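Here is the structure we will look at.
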Amino acid sequence: MASMTAINLCKKFGISKIRGMAYMPGPSNYEKSVPPGSLYENSDFYNNIFEQLWGYIGQNTIGRRDLSRFQQQLGVNFIHCYDWASPVSQKDENGNIHDYRSHVSFLKACNMLGMKATVPISNYTMDLLSQGKIQEAQKNFNSIINEVYTQALPPNRRPIDGVGMWKIFNEYELWFDRDPKHVVTVMTWIKEWEQENQILEENALPVMVCTSFGMSDGIEGAGYMKNVRDAMLAQGKIGRIAAESFWNERVVFATNPQNDGPDISDYLKNRLPKYWNDCGIPAPPVMFTELGSSIVQTGGETQQAEWLSRQLSASTPGSSNGMMLGACVFLNEERPWEDGPEKTFGILRFGPDTSWQFPAHNYEATTSYPQWDPKGWWWEKSATFPVEQQAPKLNYQSVRNAWKPS
């Protein structure tokens, strides 16, 4: 059977018409730097520990239900994730398995709502590889991919419904030793694991690589992606297939423009196709994973909303010679823990809200998270986190108008 092209693979997995949310649902008391062993250590909110932020809790009226809100009010069909910690499960003395940290319920919630999600191999793995901790990094990767492929047995083993693609790092060229070879290492792990576990070609996910919109080789974003391709070709093979074949069949290019709409239109129509053509490189599918601007950049909340409307209008799936997949809005919420302009991205902010009924009132959620005992087992530690209402900003309406007009 002839191999699919990457664009057709994206269509198969339902990610060719992306209306996405770049999603980092940190509670209002989240802090970026916390002691090891604390609740927010991994910055991973896409698991059962934090279900009251994004999911359902039975039929009770508790929880914030972010995913439902995005789907119902905005027409979102794609969730772009960031930090994704290793799942933690353990057998008790009776042989029963306890999932202390699991992403399965999050992915199933996405699927129930008609959404696809990225599963990121996060910058934590990039950090380990930059330090030369290859075995530790691969162990972390293996635990993540084993969780994703839990449906059926070989040869019909497939990813959990709700998974749309792999994501390798977030703007790799800005972090740690900035080496594109680490991206290729993770690609290789993905392909080798698939081969070892008899994953059929049609069940092999697209592999997205995310870059900033910084200038390299005379173009925004794509120059960093070319560096990844060069590293792939230098390695020769990804698993047992030619690196060029892996590029053509699996790889998605993602980048993060904050530019105004007319410039984005020109990028997709002219600059990006010309760059790939001039380099003699088959154009990969492209998507925007962090579309938006700060209030500081645009000069006010009204201008921020107008800016986002123009960006969304320019980011049409099917543009860029048919290779554009769509865009994710950055970000679901303003982040009080950030400094300067980074604080003012987002389409929601913490505060009283009458447009969404969940939660009916602010409260402290009770949860538990895994702690490692040096004697060799996991145990659960109790904790709480705030579940609070969030009010739409003006740019929330920009997204609604673009994706789910009344």
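Within segment 347-364, the set of residues being under 25 Å from the mean Cα position of the chain (by Cα) and either assigned to a strand (DSSP E or B) or exposed (fewer than 15 other Cβ atoms within 10 Å of the Cβ) (or both) comprises LEU348, ARG349, PHE350. Residues in segment 1-42 that are of a type in the set (D, E, K, R) and crowded, with 19+ Cβ neighbours inside 10 Å: ARG19 only. Taken over segment 5-34, the criterion of being under 17 Å from VAL163 (Cβ atoms) and modelled with pLDDT under 95 is satisfied by no residue.
A count restricted to segment 198-214 and to residues that are touching a residue at least 60 places away in the same chain (Cβ under 8 Å) and within 13 Å of VAL286 (Cα to Cα) stands at 3. Looking at ARG335, is it at pLDDT 95 or above, of a type in the set (D, E, K, R) and part of a strand (DSSP E or B)? No. The criterion of at least 3 residues that are more than 18 Å from the chain's Cα centre (by Cα) and more than 28 Å from ALA360 (Cα to Cα) is met, among helices (runs of 4 or more DSSP H) falling completely within segment 30-141, by 123-130.
If the condition is being under 23 Å from GLU338 (Cβ atoms), in a helix (DSSP H, G or I) and in contact with a strand residue (DSSP E or B) (Cβ under 6 Å, 6 or more places away or on another chain), then segment 274-317 contributes only GLN311. Tell me whether segment 7-28 contains one or more residues that are part of a loop (DSSP other than H, G, I, E, B), closer than 28 Å to MET287 by Cα and of a type in the set (A, V, I, L, M). The answer is yes, given that some residue of segment 7-28 is part of a loop (DSSP other than H, G, I, E, B), closer than 28 Å to MET287 by Cα and of a type in the set (A, V, I, L, M).
Checking each residue in segment 210-238 for being over 20 Å from the mean Cα position of the chain (by Cα) and either buried (at least 17 other Cβ atoms within 10 Å of the Cβ) or among the polar types (S, T, N, Q) (or both) picks out SER216, ILE219, GLU220, GLY223, LYS226, ASN227, ARG229, ALA231, MET232, GLN235, ILE238. Every condition in (1) polar (S, T, N, Q); (2) out of contact with any Lys or Arg (no Cβ under 7 Å at 6 or more places or on another chain); (3) surrounded by 19 or more Cβ atoms within 10 Å (Cβ to Cβ) holds for ASN77 except the one numbered (2).
Scan segment 117-154 for residues that are crowded, with 19+ Cβ neighbours inside 10 Å and among the acidic types (Asp, Glu) and the total you get is 1. Taking the stated definitions as given, is PRO285 more than 16 Å from PRO27 (Cα to Cα) and touching a residue at least 40 places away in the same chain (Cβ under 8 Å)? Judged against the criteria, PRO285 is a match.
The values are calculated or read from the model by the stated rules, or taken from the named source; none is laboratory data. Bear in mind the structure is a predicted one, so any value in this text is a computation, not a measurement. Because the Cβ atoms are built from the backbone with ideal geometry, glycine has one as well, and the counts that use them run over all protein chains shown.
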